[in-house]
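A.B. asks: Take this structure first; my questions come after.
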Amino acid sequence: MADTIFRYPFRNFFLDHPPNFREYYGSTSLLDWIESPTAHIIKINVPGFKKDEIKVQIEEGNVLHLRGESLIEENHGKEIIWHIAERGNGKEDFSRMIELPEDVKLDKIKAHIENGVLTVVVPKDLSPKSHKVRKVNINSRL
């Protein structure tokens with residue numbers, strides 16, 4: 001009885017785990033977003049990825065899209081059976097989307113990869129914004 005109560009949920013987690021963890025549970029890439037007075041700095045763990053396997057894109061609405069795809073070498077032979085493929089399966093291995101604030105210079109974004117960490121620096125637009133005062137007419141009816 002105690003074996004059934006205490007071990008069953010954990011046994012299910014480990015034994016009935018889907019073959020491709022990322023496909024079911026999303027990205028496992030850890031991300032930090034740091035804001036300094038002059039820039040937003042985003043760091044994401046990308047161990048084992050080469051520079052050409054990572055894409056950094058700005059999409060509509062100031063969305064920073066970071067994604068990586070690594071290809072598994074398929075030359076293991078036909079006698080090899082994959083039981084778990086958590087490190088990648090030839091599909092998109094990570095994908096993270098971040099909506100950036102309005103006060104950034106999208107054309108000045110820089111990215112570099114070093115020791116398995118992708119660092120993206122998004123400079124802030126520090127130019128003074130002129131806040132126009134706009135009068136709103138008040139009507140008795142909408």
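The values are calculated or read from the model by the stated rules, or taken from the named source; none is laboratory data. Worth saying up front: this structure is predicted, and the values here are computed from it rather than measured. When we count neighbours, we look across all protein chains shown, and the Cβ atoms used for this are built from the backbone with ideal geometry, even at glycine. Side chains included, ligands, DNA and RNA excluded: accessible areas come from the protein's heavy atoms. Shrake-Rupley method; radii C 1.70, N 1.55, O 1.52, S 1.80 Å.
A.B. asks: Restricting attention to segment 1-57, which residues are open to solvent by 60 Å² or more (accessible area, probe 1.4 Å), within 17 Å of HIS112 (Cβ to Cβ), modelled with pLDDT under 90 and not in a helix (DSSP H, G or I)?
C.D. replies: Within segment 1-57, PRO47, GLY48, LYS50 meet the criteria.
A.B. asks: List pairs: first in segment 106-118 and surrounded by 11 or more Cβ atoms within 10 Å (Cβ to Cβ), second in a helix (DSSP H, G or I), Cβ under 9 Å, 6+ apart or cross-chain?
C.D. replies: From segment 106-118, the pairs are ILE113/LYS51.
A.B. asks: Further question: Does GLY68 satisfy the condition of being at pLDDT 80 or above, on the phi > 0 side of the Ramachandran plot and in contact with an Asp or Glu (Cβ under 9 Å, 6 or more places away or on another chain)?
C.D. replies: Values: at pLDDT 80 or above: yes; on the phi > 0 side of the Ramachandran plot: no; in contact with an Asp or Glu (Cβ under 9 Å, 6 or more places away or on another chain): yes.
For GLY68, the condition - at pLDDT 80 or above, on the phi > 0 side of the Ramachandran plot and in contact with an Asp or Glu (Cβ under 9 Å, 6 or more places away or on another chain) - is not met.
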